[in-house]
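A short write-up of the structure that comes next.
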Amino acid sequence: MKTEVRGNTTSITLQQNPSIFNAPQSTLSGALKGCLGSLDGACIEKLLLHCASALENNDVTLAQQVMWVLNNVASSVGDPNQRLTSCFLRALISRASRVCPTTSMSATTFNGSGSGTIQRRLMSVTELAGYVDLIPWHRFGFCASNSAIFKAIQGCPKVHILDFSITHCMQWPTLIDALAKRPEGPPSLRITVPSCRPPVPPLLNVSTEEVGHRLGNFAKFRDVPFEFNVIDYDRPSSSSSEIITFHFESLFSHLTPSMLNLRDDEVLVINCQNWIRYLSDDDHQINPLDSNSSSLRDVFLDIIKGLNPSIILVVDEDSDLSASSTLTSRITTCFNYFWIPFDALETFLPKESFHRLEYESDIGHRIENIISLEGFHRKERLEPGAKLSQRMRNSGYISLPFCEETTIREVKSLLDEHASGWGMKREEDMLVLTWKGHSSVFATAWVPNRLDIQD
């Protein structure tokens, strides 16, 4: 489905490289047909696909010519179309430098690619809170998951949360506060996190242990008994494949009842927020010679199912960038998906806002990984909610519906704090965050099929 942003047109003047008009009639002129003078989202997407096709065919000349056209549109401080084009141009330049290393193309050659892109930085906890609060991209998942967890642990005196997420425990102060208000009194809460996370934004300037210490202080302030543990596993010596898989295989060996110190008197909750996408969905990664080999994603789901949790929360972005997707399909998917945060930020932040530029720059780094890299190096492998739900069912899980009276009400209250374009819909047992009707993030809740565990 196309969006309002894609309908916007950007006037351009093709002055920097007049030689683009010398391209063969069947190549660049075909891509530009109907687009000269103004480029809307549909034309930009067409040019991106044309450039990708040129790179796939090692046609460096045509690729450069299309990039010059895109360069006239791209601007990191323009409208959402221009800003998004800037990210894609940078990604295509990066891919070109790998596919055709002898070419002179670079980000500095095309000024519209945002060669001055903000570098990733380590945020303070306060800065991280502001980053997460900009749009409900993360808070939606926090809110839906916390509400489901709160309901699942009603009456339980001891709770253990095994947390796999990329937002440095930002989810838990709200839950701790809710538990402190529980009529029967707060439970004893234990949170366990891995010592290693995918090296993706947001990045924090304090250690995981320090995060746990601060959570402990807050829990103490709210009179909630609290314990924080870090799975400190041995990470292998660095090699390209080991770095790209973020040592997940090493982590898996520590996900056992004894290593996690699981206790019979505790209720176990497993929380996966924007995490499963970084587990490879390539069925032949573990053993390329075994046609029946499972992906890291399936292995992980089998391992945590064996821990017999009371509830599992899975939240991620609702887009299809799986291992089997081609370059052209990834460009189409990315362009029709990542416009959402660009458009949402446009509604309330100035064009040169540092917070906006930083947030968009982080998205740009993700786009670059998706478009410019292949194989193990491409770590962004999103799976849409419908496919992930089928994977969960195939792995022996049963979905849990979210409570209409509590979860739905709380999520709607959260969205009321943001721009009117944000909404929510239900698809079977999934909750889906939407922007102007377009799916962005899904939240699901699961329990293991007990019969499956016994088998």
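Brief remarks follow.
- Identity of the residue in region 38-60, under 14 Å from Asn71 (Cα atoms) and assigned to a helix (DSSP H, G or I), that ends up modelled with the lowest pLDDT: Cys43
- Count of residues meeting criterion [open to solvent by less than 40 Å² (accessible area, probe 1.4 Å) and either among the hydroxyl-bearing types (Ser, Thr, Tyr) or without any contact (Cβ under 8 Å) to a residue 24 or more places away in the chain (or both)] in region 376-401: 5
- Scan of region 402-430 for residues that are open to solvent by less than 20 Å² (accessible area, probe 1.4 Å), in contact (Cβ under 8 Å) with a residue 40 or more places away in the chain and part of a helix (DSSP H, G or I), ordered by number: Thr407, Val411, Leu415
- Top-ranked residue in region 88-102 [being assigned to a helix (DSSP H, G or I) and open to solvent by 10 Å² or more (accessible area, probe 1.4 Å); ranked as nearest to Ile367 (Cα to Cα)]: Arg90
- Within region 297-320, the only residue that satisfies the criterion of being within 24 Å of Leu92 (Cα to Cα) and surrounded by fewer than 22 Cβ atoms within 10 Å (Cβ to Cβ) is Asp320.
Results for (1) touching a residue at least 24 places away in the same chain (Cβ under 8 Å); (2) closer than 29 Å to Thr347 by Cβ; (3) not in a helix (DSSP H, G or I), shown as yes or no for each residue.
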{"residue": "Ile118", "(1), (2), (3)": "yes, yes, yes"}
{"residue": "Glu127", "(1), (2), (3)": "no, yes, no"}
{"residue": "Asn146", "(1), (2), (3)": "yes, yes, no"}
{"residue": "Thr174", "(1), (2), (3)": "yes, yes, no"}
{"residue": "Ala178", "(1), (2), (3)": "yes, no, no"}
{"residue": "Pro186", "(1), (2), (3)": "yes, no, yes"}
{"residue": "Glu209", "(1), (2), (3)": "no, no, no"}
{"residue": "Gly216", "(1), (2), (3)": "no, no, no"}
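- Scope region 360-375; condition crowded, with 19+ Cβ neighbours inside 10 Å and either more than 25 Å from Leu55 (Cα to Cα) or free of Cβ contacts under 8 Å to residues at least 24 places away in the same chain (or both); matching residues: Glu360
- Of residues in region 192-216 being surrounded by fewer than 15 Cβ atoms within 10 Å (Cβ to Cβ) and not charged (D, E, K, R), the one nearest to the chain's Cα centre (by Cα): Pro199
- Region 217-248, residues that are among the polar types (S, T, N, Q), modelled with pLDDT under 55 and open to solvent by 70 Å² or more (accessible area, probe 1.4 Å): Ser237, Ser238, Ser240
- Index of the failed condition, Cys35 passing every other in (1) at pLDDT below 90; (2) under 23 Å from Ser439 (Cα atoms); (3) buried (at least 17 other Cβ atoms within 10 Å of the Cβ): (2)
- Scanning region 435-455 for residues that are open to solvent by less than 10 Å² (accessible area, probe 1.4 Å) and within 22 Å of the chain's Cα centre (by Cα) gives Trp435, Ser440, Val441, Phe442, Ala443, Thr444, Ala445, Trp446.
- Trp68 passes every criterion in (1) more than 24 Å from Gln119 (Cβ to Cβ); (2) in contact with a Cys (Cβ under 7 Å, 6 or more places away or on another chain) apart from (2).
- Hits in region 410-426 (condition: modelled with pLDDT under 95 and either more than 25 Å from Phe342 (Cα to Cα) or touching a Lys or Arg at 6+ places or on another chain (Cβ under 8 Å) (or both)): none
- Per this entry, Leu357 is counted among residues that are buried (at least 18 other Cβ atoms within 10 Å of the Cβ) and either more than 21 Å from Phe142 (Cα to Cα) or modelled with pLDDT under 95 (or both).
- When Asp282 is tested against (1) open to solvent by 10 Å² or more (accessible area, probe 1.4 Å); (2) among the charged types (D, E, K, R); (3) modelled with pLDDT of 95 or more, just one condition goes unmet, and that condition is (3).
- Failed item in (1) open to solvent by 30 Å² or more (accessible area, probe 1.4 Å); (2) modelled with pLDDT of 95 or more, with Pro341 passing the rest: (1)
- Residue pairs whose Cβ atoms lie under 7 Å apart, separated by 6 or more positions or on different chains, with the first residue in region 64-79 and within 23 Å of Ile340 (Cα to Cα) and outside any helix (DSSP H, G or I) and the second among the acidic types (Asp, Glu) and open to solvent by 10 Å² or more (accessible area, probe 1.4 Å), are Val77/Glu352.
- Among the residues here, Trp137 qualifies as closer than 19 Å to Ser413 by Cα, modelled with pLDDT of 95 or more, touching a helix residue (DSSP H, G or I) at 6+ places or on another chain (Cβ under 7 Å) and open to solvent by 10 Å² or more (accessible area, probe 1.4 Å).
- Scanning region 148-161 for residues that are part of a strand (DSSP E or B) and either over 21 Å from Asp223 (Cα atoms) or in contact with a His (Cβ under 9 Å, 6 or more places away or on another chain) (or both) yields no hits at all.
The values are calculated or read from the model by the stated rules, or taken from the named source; none is laboratory data. Model, not experiment: these values are computed from the prediction. Methodologically, a virtual Cβ is constructed for each residue, glycine included, from the backbone with ideal geometry; neighbour enumeration extends over all protein chains shown. Please note that ligands, DNA and RNA were not included when accessible areas were found on the heavy atoms of the full protein model with its side chains. Shrake-Rupley method; radii C 1.70, N 1.55, O 1.52, S 1.80 Å.
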